[in-house]
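Colleague: Quick one: the structure is below, and I'll ask about it shortly.
The values are calculated or read from the model by the stated rules, or taken from the named source; none is laboratory data. Model, not experiment: these values are computed from the prediction. Because the Cβ atoms are built from the backbone with ideal geometry, glycine has one as well, and the counts that use them run over all protein chains shown.
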Amino acid sequence: MARPTDDRLRTILVDMVAARTQAGRLWNLQRQGRIGTLAPIDGHEATFAAAAHALDPTEDWFLPQYREPLALQHFGPEVLEQYVLYNVGHPDGSRLPESVRVAPLQISLATQVPHAVGLAWGMRLRDEPGVVLVSFGDGSSSEGDVHEAMNLAGVLRAPVVFLCVNNQWAISTPLSLQTAAASLADRAVGYGIPGVTVDGNDAAAVFDAVDEARARARSGGGPTLVETTVYRLAAHTTADDPTRYVPPEDLEAARRDDPVERLAAHLQAAGLWNDEARATVEAEALDLLDRLVDRAEARTTTPDEVMDHCFVVDTQRMARQRQELLETAPAGGGPP
Amino acid sequence: MARPTDDRLRTILVDMVAARTQAGRLWNLQRQGRIGTLAPIDGHEATFAAAAHALDPTEDWFLPQYREPLALQHFGPEVLEQYVLYNVGHPDGSRLPESVRVAPLQISLATQVPHAVGLAWGMRLRDEPGVVLVSFGDGSSSEGDVHEAMNLAGVLRAPVVFLCVNNQWAISTPLSLQTAAASLADRAVGYGIPGVTVDGNDAAAVFDAVDEARARARSGGGPTLVETTVYRLAAHTTADDPTRYVPPEDLEAARRDDPVERLAAHLQAAGLWNDEARATVEAEALDLLDRLVDRAEARTTTPDEVMDHCFVVDTQRMARQRQELLETAPAGGGPP
Amino acid sequence: MTGTSELTMLQAVNEALHVEMARDERVVVLGEDVARNGGVFRATEGLFEKFGEDRVVDMPLAEGAIVGSAVGLAMAGLVPVAEIQFLGFSYQAMHQIAGQVARLRYRSRGRFEPAITIRSPFGGGVRTPELHSDSMEGQLANMAGLKLVAPATAADAKGLLAASIRDPDPVVFLEPLRGYRGIRGEVPDGDHVVPLGEARLAREGDDVVVIAWSYQVELACRVADALADDGLSVAVLDLRSLVPLDLAAIAGVVDRCGRAVVVEEAVQTGGFAGEVVATIVEECFWSLEAPVVRVSGYDVPYPVGQLEDAYVPDEARIAAAVRRVLEVA
Amino acid sequence: MTGTSELTMLQAVNEALHVEMARDERVVVLGEDVARNGGVFRATEGLFEKFGEDRVVDMPLAEGAIVGSAVGLAMAGLVPVAEIQFLGFSYQAMHQIAGQVARLRYRSRGRFEPAITIRSPFGGGVRTPELHSDSMEGQLANMAGLKLVAPATAADAKGLLAASIRDPDPVVFLEPLRGYRGIRGEVPDGDHVVPLGEARLAREGDDVVVIAWSYQVELACRVADALADDGLSVAVLDLRSLVPLDLAAIAGVVDRCGRAVVVEEAVQTGGFAGEVVATIVEECFWSLEAPVVRVSGYDVPYPVGQLEDAYVPDEARIAAAVRRVLEVA
Ligand SMILES: Cc1ncc(C[n+]2csc(CCOP(=O)(O)OP(=O)(O)O)c2C)c(N)n1
Ligand SMILES: Cc1ncc(C[n+]2csc(CCOP(=O)(O)OP(=O)(O)O)c2C)c(N)n1
Ligand SMILES: [Mg+2]
Ligand SMILES: [Mg+2]
């Protein structure tokens, strides 16, 4: 498979820088009480953005865990817009338009992995050409769902790319307590599928690996497990205090291999990037985010929206509950 | 590890022949309506008997799925006795005496696999020297529990032997629809533990592999996955009709590699076995089984035993239910 | 296509699957042993031969993946009908059932349509091994976003299964093991749909109503018929679907009779019968002339063969409860 | 050791764990992030430092293996205390909880002692992401072989957790998220055990009783106190343990008051409040002067942040229900 062009890499870097910048602003907004618990993206930008760019958003799907959305600009601006809405606690934040092939965030870890297999299988049944990429963490890889799904995908030769984002931590649990495996890609052989580990801080390498896996899936070659190794550079979430458990020297070392800086250096050397470009991207990213936050904060809900979209038609009991709710509930909710 | 002596193999063969003989008699009893649904052992004798013999019943545990008990004579005569009682539907059939380190049959497939890890870990915490062998089928290997348990055991370096008995079928589902893996032992690398596939029709090879895994576990080397390849020579259970799905030529081929006949031929060549010996073993096995069946059929239950052993002390509601039951229930149950 | 045929409940289920697969090519059947073997009870017999391996799929032995991939199939616009071989093994998939199937529409605010049916045999009386007989209606009913259907007749098995498959919401469809061959009746040929959420008055009566679902309706009807000889007028209300629950039908018959018995096979504490009693209290407390009585399984796990008869509510226990409710002055 | 200290519920839980681990060296704590991090809420803080990595164990991220290995630990004679990080993720382990933990003793006819405690935070009101706030009491109560405990005060959190760990039967121990820091009170120092199965009269009263458990007791007490100013005498019964259920205490207070409201946060249909209503009908129907009213969550999944206040029963809804029950002539 061809290495991505530097132009492509530059687009990826723009997405990465925007993601990093917006994550920082969101962190501050959480600290100000304007948004809910947030899972920062720092350290995962190359993996998510490059993986997204290796897909065709008009045909392929991206099924995320919960850190990904900031870096999925390639799938359309609605991803960020809805993510912001999600973060202010609005229910519509989990709805993307039909045209955007990205699933809602998944909070119940690893449950999206079998969904990916079913979706890919269903697309093949419907003669659709796309593939499904599903992303999950090193911690999530211990869940039974991942095993059941990878095994099923092997049998069905489903067009799936399993993207295991190994950031060395599951909240406070280090990889050494998560598994004794030398590499998570080693799981693949147990399902008769190809498995590969790539440096997740290397956007080009991630792009390559996903591109190759995608090509294999599209040509009927079945699923691939791609493990990307990265390091979680920030807290698990805004509710977490990593100084309790992350060895400072490890974090220090990881910071020296920051994926954003690495790609920036490469493109700077190639004459495609400089401080000015970065400043522009950052400013635009903040500007966009602030507008989206304002817009999200301006939206409200009515209490009985809590009953919507459960069933197509309310049951008798639900209809009564809706009635009671309209009579008794506190006025519509807003951001935290 | 040393190959088992022919004397040891002869003991194993005796157990295998007895198991095969008793399985046949139980099948007939089921057809006569004297016992409930039965899962025959045919084709698995070498694996189960040899694995049991590689363990020390005074220190090690055997956690079975549901086919194993007929071949676990090495763990004491109570295993068969209680298995017969289980088959006539008596609740005490699932209770073995404290001295017998065998767990009740497991109907909820693969759930016993994490139990094995916890038990092994607990024994180590208590400074007990034993290991835990847990047995499960190729079908069961697809359950999330197996993944979660093997991964945990790798991290804890728990003294467990995972015995995956690959008999090519899970009811009607052939191995090719169960997994795309070339071998189930290939799963081991994904957990950082050793994995080995052995011919499960070769009692000596199974003994060797389990013996080696046990030695590793006892010396702190952690768990091992041992896959044994066999062929299910009979129906899945008495409720199953394998002619609907088993290719006759495959069955024919498997019959030519019958584990009982193979070991018998070896020992016959070594002068340790002959038709007379076999006839004696068979006669004794049947005699024993018939006595156990008679004894089991003579046992009854009282209806309120249904309430026993749920909690140590009945709740208020249970106490009332027990009362109601004694007043209203049909007289005590007996065999089917 | 306007005649009827006498079928067992099992045949009725099988027929519904044949009709629905022929009618809508988006329907895909998946589960353990459902294809080449036609299901361990033969509920899916003939589907593999008729509709092929793309639409009738033998799955690896992993309930979580069966249900989890059904969610993905639904996201792709298909209409999966997943079989859990015995309801007790749905615990292995509960994170997918309660957390994913039930919430796919809710989470995505209507973007994804969880037109998923999960079929499963359940209930006792046939001497199965552990966990094969468990009744879990109370638990499933508490998982918001799931419909829960439990037919008691062969005709309803066909008509309600058809409705479940066609329903855009996810349905857990419970088939009584004892009813597979033990219940038979006239079933309309061809297209036959019974709407979800409407209870059925299985026996008219004025003195007391027995409220039940699934196989317990059969028992209740036998009790009603037997007590009729003693001059007692016992109504039987077959709920048919537990979610949605037909509140009006419950209120109507309890208002008329003033006395009620609720029968279920599950563990009593936390079982669905409690929900029915609470509903009666809410809907028609003032009509009650006696406390509602529950006839349930006991508060212990479903037992092994020899203790089964002591555990499973039978006609004698139902009849005793009916008499007890009637005795209250 | 005879004094008391003012603690939050979270501190009380933590103290119980410290006391029980010191008291019985068979006690082992396992779960996600329970050791080095002291738990995501700090419920297990200090245990790792005090009792070491053999007895306080950070587990891989797999709830089935956490509960499943706890079964094995119990078979080895240990006393595991497993944490499920949020109750909604116990679905991932339900096959082990309902099928194995709950049946270990029953299946083995008393050979194995499932002295297992599964602790888990649950309930809403703190704007958590999906599945972090789910209330599942009704479902868990229907799984025979499990005890189910849900304290409402800091002192009970300590005393009931101690009792749960010491109990030879398996206990699911529910800790209200909102109570972790939102409930505080005097807690006896040192050894403190509150027996399982005994309800607590949190407020005396004669006109109506509000029956609740966990954080809803706190709300009910506030309502009782507020309505006292209006001259209403509202009793509050804190069930404390749902299994075993204190039938006598329920009957006693309902007999006296004649009117009852049952509060829970879970989805209404199939929730445990229905069980309480059915129990009241069975135990003291003739004392009822009005239909029992349930105040519950609605029949939809627990919602995201902005809709939470609309969903979670609050003081206003409880007060309205109390007034409604009292208005019935
Ligand atoms: C089934 C389930 N169990 C537990 C949790 C609680 N939890 C949220 S994030 C997390 C760690 C996830 O680690 P990993 O998969 O490596 O992803 P990362 O946060 O490192 O990106 C845990 C335990 C959950 N959300 N779902
Ligand atoms: C969790 C669970 N799912 C489904 C079943 C039904 N079932 C019983 S045996 C069986 C096949 C088991 O195959 P395998 O593990 O290969 O064991 P074998 O019968 O071949 O020895 C199935 C699907 C079950 N008992 N438990
Ligand atoms: Mg991680
Ligand atoms: Mg097999």
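Colleague: With within 16 Å of ligand 2 (Cβ to nearest atom), assigned by TED's automatic domain parsing to the domain that holds D:Glu32 and at pLDDT 95 or above as the only criterion, which of D:Arg119, D:Arg111, D:Arg107 stands out? Steps first, answer last, please.
Modeller: Working: D:Arg119 fails: within 16 Å of ligand 2 (Cβ to nearest atom); D:Arg111 fails: within 16 Å of ligand 2 (Cβ to nearest atom).
On inspection, the qualifying residue turns out to be D:Arg107.
Colleague: How many residues are away from ligand 3 (no atom under 16 Å from the Cβ) and not small (Gly, Ala, Ser) if we restrict to the range A:154-197? Step through it out loud before you land on a result.
Modeller: Let us first name the residues in the range A:154-197 that are away from ligand 3 (no atom under 16 Å from the Cβ), namely A:154-161, A:180, A:182, A:186, A:188-196.
This time we only want the ones that are not small (Gly, Ala, Ser), so: A:155-157, A:159-161, A:186, A:189, A:191, A:193-194, A:196.
So the answer is 12.
Colleague: Given the conditions (1) away from ligand 4 (no atom under 16 Å from the Cβ); (2) within 24 Å of the chain's Cα centre (by Cα); (3) among the β-branched types (Val, Ile, Thr), which single one is not true for B:Thr243?
Modeller: (2)
Colleague: So how many residues does the range D:256-304 have that are acidic (Asp, Glu), within 21 Å of the chain's Cα centre (by Cα) and more than 7 Å from every other protein chain (Cβ to nearest Cβ)?
Modeller: 2
Colleague: While we're on this one: I'd like to know if the range D:305-318 contains one or more residues that are assigned to a helix (DSSP H, G or I), within 26 Å of D:Asp229 (Cα to Cα), within 14 Å of chain A (Cβ to nearest Cβ) and among the acidic types (Asp, Glu).
Modeller: Among the residues of the range D:305-318, at least one is assigned to a helix (DSSP H, G or I), within 26 Å of D:Asp229 (Cα to Cα), within 14 Å of chain A (Cβ to nearest Cβ) and among the acidic types (Asp, Glu), which makes the answer yes.
Colleague: Within the range C:35-42, does at least one residue satisfy the condition of being in contact with a strand residue (DSSP E or B) (Cβ under 9 Å, 6 or more places away or on another chain) and buried (at least 24 other Cβ atoms within 10 Å of the Cβ)?
Modeller: Yes, some residue in the range C:35-42 is in contact with a strand residue (DSSP E or B) (Cβ under 9 Å, 6 or more places away or on another chain) and buried (at least 24 other Cβ atoms within 10 Å of the Cβ).
Colleague: State which residue pairs qualify: first residue under 15 Å from B:Asp42 (Cα atoms) and inside the range B:236-265, second residue among the hydroxyl-bearing types (Ser, Thr, Tyr) in any location, beta carbons under 7 Å apart, and separation of 6 or more residues or different chains.
Modeller: Going by the 7 Å Cβ cut-off, the qualifying pairs are B:Thr237/B:Thr37; B:Thr238/B:Thr37; B:Ala254/B:Tyr231.
Colleague: Could you list, in sequence order, all residues of the range C:104-128 that are in a loop (DSSP other than H, G, I, E, B), touching a Leu at 6+ places or on another chain (Cβ under 8 Å) and farther than 29 Å from A:Gly93 by Cβ?
Modeller: C:Gly123, C:Gly124, C:Gly125, C:Val126, C:Thr128
Colleague: Give the residues of the range A:205-258 that are within 24 Å of A:Arg157 (Cβ to Cβ), touching a strand residue (DSSP E or B) at 6+ places or on another chain (Cβ under 9 Å) and of a type in the set (D, E, K, R), sorted by residue number.
Modeller: A:Asp208, A:Glu212, A:Arg214, A:Arg216, A:Glu227
Colleague: Consider A:Gly144 carefully, then state whether it is among the small types (Gly, Ala, Ser), more than 15 Å from ligand 3 (Cβ to nearest atom), surrounded by fewer than 24 Cβ atoms within 10 Å (Cβ to Cβ) and modelled with pLDDT of 95 or more.
Modeller: So A:Gly144 fails the test.
Colleague: Next question. Can you find a residue in the range A:180-191 that is at the interface with another protein chain (Cβ under 8 Å from one of its Cβ atoms), among the basic types (Lys, Arg) and more than 26 Å from A:Arg232 (Cα to Cα)?
Modeller: Within the range A:180-191, not a single residue is at the interface with another protein chain (Cβ under 8 Å from one of its Cβ atoms), among the basic types (Lys, Arg) and more than 26 Å from A:Arg232 (Cα to Cα).
Colleague: Can you find a residue that is within 9 Å of another protein chain (Cβ to nearest Cβ), buried (at least 24 other Cβ atoms within 10 Å of the Cβ) and closer than 20 Å to B:Gln65 by Cα anywhere in the range B:168-177?
Modeller: Yes, there is a match, as at least one residue in the range B:168-177 is within 9 Å of another protein chain (Cβ to nearest Cβ), buried (at least 24 other Cβ atoms within 10 Å of the Cβ) and closer than 20 Å to B:Gln65 by Cα.
Colleague: Also, I was wondering about something else. Restricting to the range A:129-158, count the residues that are more than 7 Å from every other protein chain (Cβ to nearest Cβ) and within 23 Å of D:Gly64 (Cα to Cα).
Modeller: Final tally of qualifying residues: 9.
Colleague: Test each condition in (1) among the small types (Gly, Ala, Ser); (2) touching a strand residue (DSSP E or B) at 6+ places or on another chain (Cβ under 6 Å); (3) surrounded by fewer than 24 Cβ atoms within 10 Å (Cβ to Cβ) for C:Ala320 and report the one that comes out false.
Modeller: Of (1) among the small types (Gly, Ala, Ser); (2) touching a strand residue (DSSP E or B) at 6+ places or on another chain (Cβ under 6 Å); (3) surrounded by fewer than 24 Cβ atoms within 10 Å (Cβ to Cβ), only one is false for C:Ala320: (2).
Colleague: Check every one of the helices (runs of 4 or more DSSP H) wholly within the range D:131-229 and list those with 1 or more residues that are away from every other protein chain (no Cβ under 14 Å), surrounded by fewer than 24 Cβ atoms within 10 Å (Cβ to Cβ) and at pLDDT 95 or above.
Modeller: D:154-166, D:177-182, D:215-228
Colleague: Now for a separate question. In the range B:99-128, which residues are more than 7 Å from chain D (Cβ to nearest Cβ), free of Cβ contacts under 8 Å to residues at least 40 places away in the same chain and touching a Ser or Thr at 6+ places or on another chain (Cβ under 6 Å)?
Modeller: Correct list: B:Ala110 only.
Colleague: Given the structure, is B:Ala110 in contact with a helix residue (DSSP H, G or I) (Cβ under 7 Å, 6 or more places away or on another chain) and either assigned to a loop (DSSP other than H, G, I, E, B) or within 16 Å of ligand 4 (Cβ to nearest atom) (or both)?
Modeller: yes
Colleague: Run B:Arg291 past the list (1) touching a Lys or Arg at 6+ places or on another chain (Cβ under 7 Å); (2) loosely packed, with under 14 Cβ neighbours inside 10 Å and report the number of the one that doesn't hold.
Modeller: Looking at each condition in turn, B:Arg291 falls short on (1).
Colleague: Right, here's the next one. Going through the range C:297-311 one residue at a time, which ones are touching a residue at least 60 places away in the same chain (Cβ under 8 Å) and surrounded by fewer than 23 Cβ atoms within 10 Å (Cβ to Cβ)?
Modeller: Within the range C:297-311, C:Glu308 is the sole residue that qualifies.
Colleague: Looking at the range B:113-139, which of its residues are part of a helix (DSSP H, G or I) and crowded, with 24+ Cβ neighbours inside 10 Å?
Modeller: The answer is B:Val113, B:Pro114, B:His115, B:Ala116, B:Val117, B:Gly118, B:Leu119, B:Ala120, B:Trp121, B:Gly122, B:Met123.
Colleague: I'd like the full set of residues that are under 30 Å from B:Pro97 (Cβ atoms) and without any contact (Cβ under 8 Å) to a residue 60 or more places away in the chain, limited to the range D:75-104. Break it down stepwise before answering.
Modeller: Applying the first criterion (under 30 Å from B:Pro97 (Cβ atoms)) to the range D:75-104 yields D:75-82, D:95-104.
Passing the criteria: D:Met75, D:Ala76, D:Gly77, D:Leu78, D:Pro80, D:Ala82, D:His95, D:Gln96, D:Ala98, D:Gly99, D:Gln100, D:Arg103.
Colleague: Which condition breaks for B:Leu163 when tested against (1) within 16 Å of ligand 2 (Cβ to nearest atom); (2) under 23 Å from B:His53 (Cα atoms); (3) without any contact (Cβ under 8 Å) to a residue 60 or more places away in the chain; (4) not in a helix (DSSP H, G or I)?
Modeller: Result: B:Leu163 fails condition (3) only.
Colleague: Give C:Asp58, C:Asp54, C:Asp33 a once-over and let me know the one that is farther than 20 Å from C:Pro170 by Cα and at the interface with chain A (Cβ under 9 Å from one of its Cβ atoms).
Modeller: Answer to the selection: C:Asp54.
Colleague: Are any residues in the range B:266-283 within 22 Å of B:Gln30 (Cβ to Cβ) and touching a residue at least 12 places away in the same chain (Cβ under 8 Å), and if so, which ones?
Modeller: B:Glu282
Colleague: In addition: Would you mind stating whether A:Thr197 is surrounded by fewer than 23 Cβ atoms within 10 Å (Cβ to Cβ), within 16 Å of ligand 1 (Cβ to nearest atom) and in contact (Cβ under 8 Å) with a residue 60 or more places away in the chain?
Modeller: Against the criterion (surrounded by fewer than 23 Cβ atoms within 10 Å (Cβ to Cβ), within 16 Å of ligand 1 (Cβ to nearest atom) and in contact (Cβ under 8 Å) with a residue 60 or more places away in the chain), A:Thr197 does not qualify.
Colleague: Further, regarding this structure: With respect to B:Thr228, determine if the residue is β-branched (Val, Ile, Thr), within 12 Å of ligand 2 (Cβ to nearest atom) and either surrounded by 14 or more Cβ atoms within 10 Å (Cβ to Cβ) or more than 14 Å from chain C (Cβ to nearest Cβ) (or both).
Modeller: So B:Thr228 fits the description; yes.
Colleague: Looking at (1) more than 16 Å from ligand 2 (Cβ to nearest atom); (2) of a type in the set (S, T, N, Q); (3) touching a Lys or Arg at 6+ places or on another chain (Cβ under 6 Å), which is the only condition B:Ser94 fails?
Modeller: (1)
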